[in-house]
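*Asks:* Quick one: structure below, then a few questions.
Every number in this text was worked out from the coordinates using simple rules, so none of it is lab data. The model shown is predicted, which means the values in this text are computed figures rather than measured ones. We place every Cβ from the backbone using ideal geometry, glycine too, and count neighbours over all the protein chains shown.
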Amino acid sequence: TSNSEVIQNLIDGNVLAARALALAGVRHMFGVVGIPVTSLATQSVALGIRFIAFHNEQSAGYAASAYGYLTARPGVFLTVSGPGCVHGLAGLSNSAANSWPAVMISGSCDQRDFGKGDFQELDQIAVVRPFVKFAAKATEISQIPHLVLSALSHALEGRPGGCYLDLPTDVLHQKISEEDAARILAEAENPRVRVVENLVSSLDIEKAVGLLRNADRPLIVFGKGAAYARAENSLKKLIETTGIPFLPTPMGKGLVPDSHELASTAARSLAIGGCDVALVVGARLNWLLHFGEPPKWSNDVKFILVDISKEEIELRKPYLGLVGDAGTVLDLINKEIKDDPFCLGKSHPWVEAISQKAKVNVLKMEMQLAEEVVPFNFFTPMGIIRDAILAQGSPYPILVSEGANTMDVGRAVLVQNEPRTRLDAGTWGTMGVGLGYCIAAAVASPDRLVVAVEGDSGFGFSAMEVETLVRYQFPVVVIVFNNGGVYGGDRRNPDEITGPHKDDPAPTSFVPQAAYHILMEAFGGKGYLTEKPEELKSALFESFSFRKPAVINVIIDPYAGAESGRMQHKN
Ligand code: ADP
């Protein structure tokens, strides 16, 4: 900074961008610094924004997407130009697939040198386009505040999603006077969460209530859109006044406690196959819900869909579509019911059938969990982990889960009793989200312990971020189900392995019994190796009490899991 600049009070694009972010109420940022955005990160920190520095933009992007879901504020992440932006696409695409609000801000090369093969040159706007609701490049310093605020508000509007802001090197280095900066900042819009016009008519609400009232076998399904909408109280009220059984999607789990007597998770096939009217709130009828089609669902089930996105309802063509915020629509339904309440009651044949079936299945699972199998299968350690998590009480830990078998078994065994306490591979089946999600959860909910239960392959995608856990001393315990590879290491029949590379390890295998706990110790965190129930119990007890970064390496029998988990038909 030259003397004349100090006299003139000039600030550059980095300072202006940081001020715009702070003005918009951004409190946290995730990312990887480098050319040309290092100063943007340090300037943001100077303004009170907490910057969580990662090893890889991919994990930072995953963290931002989950932060958006957990806080209902856009998760902001920062990347360098070119390759940094490309790595960040993982986060943007994951936000898009899950409908979570996030904003990626990337530096880019000098505009004057674009096309000449500049350092980290890339047409970043073109690259992000398929994954965002809004993308813009500031070509002049004066545009920065408005574009920062636009990206943030677009991320939240309507169906949430990813947005992108491109800040070229020359724009970050450009300077303006303090007076101009103050004026431009004041002119930029505040991020308004535009209230979605309620498209639901009172006639539609009456229709929905009529359908539920006259159904023989009604079901309420809810997903992470309802969780994002914070619709838990409205949902609980609807379920308890009407006595209608409910089914959460994996991340919907916990909006109403899994332990609730109307929970039909353990009777899932009967619930979806048998219902005649299904009220689906904030959950897409995509692969996770078998597209709402036979044979899983009956041919003549009448769907009532509640979704913030009109396009979603148009795509699914339900019997009745209610476009609007989940909480608002459910409140209207509750109000309509209040005038003429109805309740199925425990002895209603449908409620009784579901409850009986659920009891039988729960009993079967409990028997499986009670068996202490060593070397560990997936169930024995999962049961021990479930009990350790439940023993924590409220506020319950946030669970992060990924991996094929680990996530499948975990979804059935682990219990969610509070909203937004489960983060998993989600709509896109994204593996590698684990560490990023752990960090997002620790930042978004500082009062909660974070427990990740992941397969060794899921963990490996971003294992270096355990250093990030230690650096910030996040209360995160990562439990690695270590079966030596994807699905379980080398399970080939030796007679069938031929060709010049037959001595290579199988594509599914990693080094058997890898010492992942020592990876954590390399950075000063706590590592545990467990092969027996008592060892696992004591590691869980100690690490949950310490609330410090830890990795528990759980050695699993490599022959215990199924290939592709429960998705064999697709592999
Ligand atoms: P799940 O994976 O739990 O089944 P999905 O991600 O498939 O959930 O579906 C979530 C749906 O919720 C999306 O279609 C999204 O448009 C919708 N949604 C997002 N926010 C809201 C909201 N505030 N109210 C109602 N629906 C919402």
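*Asks:* From the set of residues in the range 293-306 that are within 20 Å of Ala226 (Cα to Cα) and among the aliphatic types (A, V, I, L, M), which is farthest from the ligand (Cβ to nearest atom)?
*Replies:* Ile304
*Asks:* In the range 297-310, which residues are more than 16 Å from Ile220 (Cα to Cα) and either touching a helix residue (DSSP H, G or I) at 6+ places or on another chain (Cβ under 8 Å) or in contact (Cβ under 8 Å) with a residue 24 or more places away in the chain (or both)?
*Replies:* The initial filter retains those residues of the range 297-310 that are more than 16 Å from Ile220 (Cα to Cα), namely 299-300, 308-310.
Across the range 297-310, the qualifying residues are Asp300, Ile308, Ser309, Lys310.
*Asks:* Go through the range 234-263 and count every residue that is away from the ligand (no atom under 13 Å from the Cβ) and assigned to a helix (DSSP H, G or I).
*Replies:* 7
*Asks:* Further question on the same structure: Run Phe51 past the list (1) without any contact (Cβ under 8 Å) to a residue 40 or more places away in the chain; (2) buried (at least 24 other Cβ atoms within 10 Å of the Cβ); (3) not acidic (Asp, Glu) and report the number of the one that doesn't hold.
*Replies:* The single condition Phe51 does not satisfy is (2).
*Asks:* I'm told Leu399 meets every condition in (1) at negative phi; (2) surrounded by fewer than 20 Cβ atoms within 10 Å (Cβ to Cβ); (3) not polar (S, T, N, Q) except one. Can you identify the failing condition by its number?
*Replies:* (2)
*Asks:* Look through the range 135-184, keep the residues that are in a helix (DSSP H, G or I) and either within 16 Å of the ligand (Cβ to nearest atom) or aromatic (Phe, Trp, Tyr) (or both), and return whichever of them is surrounded by the most Cβ atoms within 10 Å (Cβ to Cβ). Steps first, answer last, please.
*Replies:* Going through the range 135-184, the residues in a helix (DSSP H, G or I) turn out to be 141-156, 169-173, 178-184.
With either within 16 Å of the ligand (Cβ to nearest atom) or aromatic (Phe, Trp, Tyr) (or both) added as a condition, the list becomes 153-156.
Working: Ser153: 21, His154: 24, Ala155: 27, Leu156: 21.
Looking at the filtered set, the residue picked out is Ala155.
*Asks:* Assuming Thr71 fulfils every condition listed in (1) away from the ligand (no atom under 16 Å from the Cβ); (2) surrounded by fewer than 19 Cβ atoms within 10 Å (Cβ to Cβ) apart from one, which condition is it?
*Replies:* If we test Thr71 against (1) away from the ligand (no atom under 16 Å from the Cβ); (2) surrounded by fewer than 19 Cβ atoms within 10 Å (Cβ to Cβ), just (1) comes out false.
*Asks:* Here's a follow-up. Please determine whether any residue of the range 81-88 is surrounded by 23 or more Cβ atoms within 10 Å (Cβ to Cβ), closer than 30 Å to Val323 by Cα and more than 16 Å from the ligand (Cβ to nearest atom). Explain how you work it out, then say what you get.
*Replies:* Narrowing the range 81-88 to residues surrounded by 23 or more Cβ atoms within 10 Å (Cβ to Cβ): 81, 84-85, 88.
The next check asks that each one be closer than 30 Å to Val323 by Cα; those that pass are none.
The answer is no, given that none of the residues of the range 81-88 is surrounded by 23 or more Cβ atoms within 10 Å (Cβ to Cβ), closer than 30 Å to Val323 by Cα and more than 16 Å from the ligand (Cβ to nearest atom).
*Asks:* Could you tell me which of the residues Val477, Val433 is within 16 Å of the ligand (Cβ to nearest atom) and not polar (S, T, N, Q)? Walk me through it before giving the result.
*Replies:* Values: Val477 fails: within 16 Å of the ligand (Cβ to nearest atom).
Going through Val477, Val433 in turn, just one is within 16 Å of the ligand (Cβ to nearest atom) and not polar (S, T, N, Q): Val433.
*Asks:* Consider Ala64 carefully, then state whether it is under 19 Å from Lys175 (Cβ atoms) and in contact with a helix residue (DSSP H, G or I) (Cβ under 8 Å, 6 or more places away or on another chain).
*Replies:* Values: under 19 Å from Lys175 (Cβ atoms): no; in contact with a helix residue (DSSP H, G or I) (Cβ under 8 Å, 6 or more places away or on another chain): yes.
Answer is no for this residue.
*Asks:* Report yes if Ile35 is assigned to a loop (DSSP other than H, G, I, E, B), more than 25 Å from the chain's Cα centre (by Cα) and of a type outside the set (Asp, Glu), otherwise no. Even if it seems obvious, please write down each step before you answer.
*Replies:* Working: assigned to a loop (DSSP other than H, G, I, E, B): yes; more than 25 Å from the chain's Cα centre (by Cα): yes; of a type outside the set (Asp, Glu): yes.
Against the criterion (assigned to a loop (DSSP other than H, G, I, E, B), more than 25 Å from the chain's Cα centre (by Cα) and of a type outside the set (Asp, Glu)), Ile35 qualifies.
*Asks:* Keeping to the range 337-370, report how many residues are part of a helix (DSSP H, G or I), buried (at least 18 other Cβ atoms within 10 Å of the Cβ) and more than 31 Å from the chain's Cα centre (by Cα).
*Replies:* Counting residues in the range 337-370 that are part of a helix (DSSP H, G or I), buried (at least 18 other Cβ atoms within 10 Å of the Cβ) and more than 31 Å from the chain's Cα centre (by Cα) gives 3.
*Asks:* Check the range 317-329 and report whether any residue there is more than 16 Å from the ligand (Cβ to nearest atom) and either surrounded by fewer than 20 Cβ atoms within 10 Å (Cβ to Cβ) or under 15 Å from Leu219 (Cα atoms) (or both).
*Replies:* Narrowing the range 317-329 to residues more than 16 Å from the ligand (Cβ to nearest atom): 319.
Right, trim to either surrounded by fewer than 20 Cβ atoms within 10 Å (Cβ to Cβ) or under 15 Å from Leu219 (Cα atoms) (or both) and you get 319.
Checked the range 317-329: at least one residue is more than 16 Å from the ligand (Cβ to nearest atom) and either surrounded by fewer than 20 Cβ atoms within 10 Å (Cβ to Cβ) or under 15 Å from Leu219 (Cα atoms) (or both).
*Asks:* Follow-up. Could you please give the count of residues in the range 49-82 that are outside any loop (DSSP other than H, G, I, E, B), of a type in the set (D, E, K, R) and out of contact with any Gly (no Cβ under 7 Å at 6 or more places or on another chain)? Steps first, answer last, please.
*Replies:* Of the residues in the range 49-82, the ones outside any loop (DSSP other than H, G, I, E, B) are 50-53, 57-71, 75-79.
Retained after the next criterion (residues that are of a type in the set (D, E, K, R)): 50, 57.
Checking which are out of contact with any Gly (no Cβ under 7 Å at 6 or more places or on another chain) leaves us with 50.
Matching residues across the range 49-82 total 1.
*Asks:* With the condition kept exactly as written, say whether any residue in the range 409-430 is in contact (Cβ under 8 Å) with a residue 12 or more places away in the chain, crowded, with 24+ Cβ neighbours inside 10 Å, among the β-branched types (Val, Ile, Thr) and not in a loop (DSSP other than H, G, I, E, B).
*Replies:* yes
*Asks:* So for the range 374-385 (the condition being within 23 Å of the chain's Cα centre (by Cα), β-branched (Val, Ile, Thr) and farther than 30 Å from Lys207 by Cβ), does at least one residue qualify?
*Replies:* Looking through the range 374-385, at least one residue is within 23 Å of the chain's Cα centre (by Cα), β-branched (Val, Ile, Thr) and farther than 30 Å from Lys207 by Cβ.
*Asks:* Answer yes or no: is there a residue in the range 291-311 that is within 30 Å of Phe481 (Cα to Cα) and not in a helix (DSSP H, G or I).
*Replies:* First, the residues of the range 291-311 that are within 30 Å of Phe481 (Cα to Cα): none.
Within the range 291-311, not a single residue is within 30 Å of Phe481 (Cα to Cα) and not in a helix (DSSP H, G or I).
*Asks:* Restricting the search to the range 273-292, which residues are out of contact with any Leu (no Cβ under 7 Å at 6 or more places or on another chain), within 15 Å of the ligand (Cβ to nearest atom) and either over 28 Å from Val360 (Cβ atoms) or without any contact (Cβ under 8 Å) to a residue 60 or more places away in the chain (or both)?
*Replies:* Gly282, Arg284, Leu285, Asn286, Trp287, His290
*Asks:* Got a sec? Which of Glu465, Glu454 is buried (at least 23 other Cβ atoms within 10 Å of the Cβ), more than 16 Å from the chain's Cα centre (by Cα) and of a type in the set (Asp, Glu)? Before you say what the answer is, go through the steps one by one.
*Replies:* On the way: Glu454 fails: more than 16 Å from the chain's Cα centre (by Cα).
One residue alone meets the criteria, Glu465.
*Asks:* I need the full set of residues from the range 206-233 which are of a type outside the set (Val, Ile, Thr), away from the ligand (no atom under 11 Å from the Cβ) and part of a helix (DSSP H, G or I), in order please. Walk me through it before giving the result.
*Replies:* Taking the range 206-233 first, the residues of a type outside the set (Val, Ile, Thr) are 206-208, 210-219, 222-233.
Those left that are additionally away from the ligand (no atom under 11 Å from the Cβ): 206-208, 210-219, 232-233.
Within the range 206-233, Glu206, Lys207, Ala208, Gly210, Leu211, Leu212, Arg213, Asn214, Glu232, Asn233 meet the criteria.
*Asks:* Assuming Val128 fulfils every condition listed in (1) within 30 Å of Ala229 (Cα to Cα); (2) in contact with a Lys or Arg (Cβ under 9 Å, 6 or more places away or on another chain); (3) assigned to a helix (DSSP H, G or I) apart from one, which condition is it?
*Replies:* The number of the failed condition is (2).
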